[in-house]
Amino acid sequence: MEKIDILSLSLDELGDILAEKGEKKFRAKQIFQWLHVKRIFDFDEMTDISVQLRLRLKEIFCINRLFVQKKLESAIDNTVKYLYRLPDGNFVETVLMEYNYGHSICVSTQVGCKMGCRFCASAIAGYIRSLEPSEILMQIYETEKDAGVRVSGVVLMGIGEPLDNYDNVISFLGLLSDKNGNNLSLRHVSLSTCGIVPKIYELAELKLGLTLSVSLHSADNDRRSEIMPVNRTYNIDSLIEACRHYISKTGRRVTFEYAVIDNVNSSDEDADRLARLLRGINCHVNLIPVNKVKERNYRTARAGVAEFAKRLGRRGINATVRRTLGSDIEAACGQLRRDAAEHNGNGGAEN
């Protein structure tokens with residue numbers, strides 16, 4: 001019998017399975033808190049549960065851990081980048097960032113990415129599979145344990161497209177915010193998408209309170225389709241309409257991510273077009289100096305990003321330039337996983 005991934009189960013799901021197996025349903029809360037509050041990942045260490053039940057739990061459930069394959073620590077700003085090996089031998093990346101207000105963590109939601117954005121390293125090594133709720137959650141738990149910190153913010157902006165793994169991401173968010181477990185308010189969570197329009201509408205209906213970050217990167221359909229293939233399916237007009245709906249439904253401001261790329265989307269005309277597109281929308285624009293990717297020839301002049309921000313500001317658009325963290329360790333996601341996949345020669349899984 002294949003064992004059940006217990007860390008992916010909600011409290012109610014765990015209780016239902018225990019009841020089906022003839023165990024007392026109230027035990028679920030004890031076990032859930034051992035896992036998500038005390039962070040104990042060995043059934044033998046759950047000391048207020050009988051030995052008989054612990055043996056039964058080991059027969060029914062598995063606890064999937066992540067393993068640190070590689071760890072890079074920035075000498076500039078204390079950013080830490082982890083390459084985690086999953087139980088099946090695949091790899092994902094996680095980045096821990098330090099701010100004045102505390103620590104934030106950027107997690108991955110897939111092994112690789114299908115979206116094919118031209119400036120992103122994540123897609124180069126190819127898509128393998130989506131992560132289970134437990135595999136997203138354990139990036140946080142394992143990082144907190146290794147670093148000896150508690151994160152106060154979570155960003156779903158690592159490898160993968162969160163809305164392409166919608167059901168598992170929603171389950172993860174439920175586990176992350178469960179008051180009987182980790183109990184992190186989803187107002188401290190940001191979910192980044194390249195623009196899968198139907199899922200934005202679904203997400204709006206849930207009214208989770210999280211921040212929706214939309215990777216826009218161009219206000220011109222032809223140019224956006226060139227650098228972001230998803231635009232060929234969900235163009236800018238449909239994306240903006242979905243964002244307006246999200247704002248109306250949730251009362252939450254949307255963040256638009258815009259990687260400023262020299263000679264691609266960085267002209268005065270590009271800034272004017274973006275300002276016209278976003279005028280009247282409750283939003284913030286996060287301008288990003290594009291990360292270096294060895295297979296791509298994209299570059300960003302830092303002065304050009306600042307001028308782009310000023311031009312937007314003069315047109316009434318709230319825009320800031322994202323602070324670059326971990327520049328000495330290439331903290332943008334995709335680089336380490338790609339190198340590991342190339343080393344193993346099989347998409348990331350070990351032979």
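FRET efficiency for the pair residue 13 and residue 253, taken as 1/(1 + (r/R0)^6) with r the Cβ-Cβ distance and R0 = 25 Å, rounds to 0.15.
Taking the C-alpha atoms only, the angle from helix 27-36 to the longest principal axis of the chain is near 50 degrees. Only Cα pairs under 8 Å and 6+ residues apart enter the sum, and on that basis the relative contact order of the chain stands at 17 percent. Listing 111, 285 from fewest to most neighbouring C-beta atoms within 10 Å gives 285, 111.
Ranked by Cβ crowding within 10 angstrom, fewest neighbours first, how are 119, 256 ordered?
The fewest-first ordering by Cβ neighbours comes to 119, 256.
In this structure, the pairs whose alpha-carbon distance is over 27 Å, taken from 114/199; 71/179; 29/249, are 71/179; 29/249.
Can you tell me the FRET efficiency between residue 45 and residue 267 if r is taken as the Cβ-Cβ distance and R0 is 51 Å, rounded to the nearest 0.05? Before the final figure, lay out each step's value.
Values: r = 60 Å, r/R0 = 1.17.
Efficiency for this residue pair is about 0.30.
If you stretched the chain out fully between residue 310 and residue 33, how much longer would it get, using 0.36 nm times the residue separation minus the C-alpha to C-alpha distance? Numbers along the way, then the final one.
Numbers: separation 277, 0.36 × 277 = 99.72 nm, distance 4.88 nm.
Going from the current span to full extension adds 94.8 nm.
For a straight C-alpha distance cut-off of 16 angstrom, the aspartates and glutamates reachable from residue 25 (same-chain residues fewer than eight places away being disregarded) are 12, 13, 16, 48. With the convex hull of its Cα atoms as the shape, the chain has an orientation-averaged projected area of 18.4 nm². Let me know the shape class of region 4-62, please: from the alpha-carbon gyration tensor, a ≥ b ≥ c as square roots of the eigenvalues, rounded when a/c is under 1.5, otherwise prolate if a/b is greater than b/c, or oblate. Rounded, since a/c falls under 1.5. One decimal place: the segment residue 180-residue 4 gains 61.3 nm when fully extended, by the rule 0.36 nm per residue minus the C-alpha distance. Counting neighbouring Cβ atoms within 10 Å and putting the fewest first, the residues 134, 248, 152 line up as 248, 152, 134.
With a Förster radius of 30 Å applied to the beta-carbon distance between residue 149 and residue 241, the computed FRET efficiency rounds to 0.15.
Read-outs: derived from the displayed coordinates by stated rules, not from any lab. Remember, predicted model here, so these are calculated numbers, not experimental data. Counting neighbours? That spans all protein chains shown, and the Cβs are built from the backbone with ideal geometry, glycine included.
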